[in-house]
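The values are calculated or read from the model by the stated rules, or taken from the named source; none is laboratory data. Just so we're clear, the structure is a prediction, and the values are computed from it rather than from any experiment. FYI the Cβ positions are ideal-geometry reconstructions off the backbone, even for glycines, and counts take in every protein chain you see.
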């Protein structure tokens, strides 16, 4: 039987990436800018025994703003940067689809697109998720709807320092767990 794991689901653009260039459609390395404290936050989560999973809508692919290969290159760059920092993410899921797309292959509805929980269900195929201690950090209402539908906590991030934001979440969880022991 699989052991339950805690997962921190993180949106990418607006949570890890601060650049809102092109209306928020970031698919190329040159347009990706780490949000303050993002690498440190991921390292902190890993040290606190969380799996770190990025879940991101990337309709820029369907809209023809960049290619799926560009997104894979960007995600490889993101992973390499984290490795240099001494940490890693466990998985990156993304949805390239959108009903308003101009690239036929990606012009469709998809259960992967947040607020649907297709990406959460993909994670469930790999891990037995401890929903009580798992959470989503996002910057959009759709991220909070995703969390609600997945039955995990959702936290709205407004783009300051991700480490400060996440360390408060984890410290509150630790305090609650300590109080439950007493």
(1) crowded, with 20+ Cβ neighbours inside 10 Å; (2) within 22 Å of residue 25 (Cβ to Cβ); (3) touching a residue at least 40 places away in the same chain (Cβ under 8 Å); (4) in contact with a helix residue (DSSP H, G or I) (Cβ under 9 Å, 6 or more places away or on another chain): which one isn't true of residue 134, the others all being true? (2)
Within the stretch 153-171, residues being more than 14 Å from residue 8 (Cα to Cα), modelled with pLDDT of 95 or more and part of a loop (DSSP other than H, G, I, E, B) number 1
Of all residues in the stretch 132-152, how many are part of a loop (DSSP other than H, G, I, E, B) and in contact with a strand residue (DSSP E or B) (Cβ under 8 Å, 6 or more places away or on another chain)? 4
Failed item, numbered, when residue 34 is tested on (1) touching a strand residue (DSSP E or B) at 6+ places or on another chain (Cβ under 6 Å); (2) without any contact (Cβ under 8 Å) to a residue 60 or more places away in the chain; (3) within 15 Å of residue 163 (Cβ to Cβ): (1)
Note on the stretch 111-131: residues in a loop (DSSP other than H, G, I, E, B) and either crowded, with 21+ Cβ neighbours inside 10 Å or modelled with pLDDT under 95 (or both) are 113, 114, 117
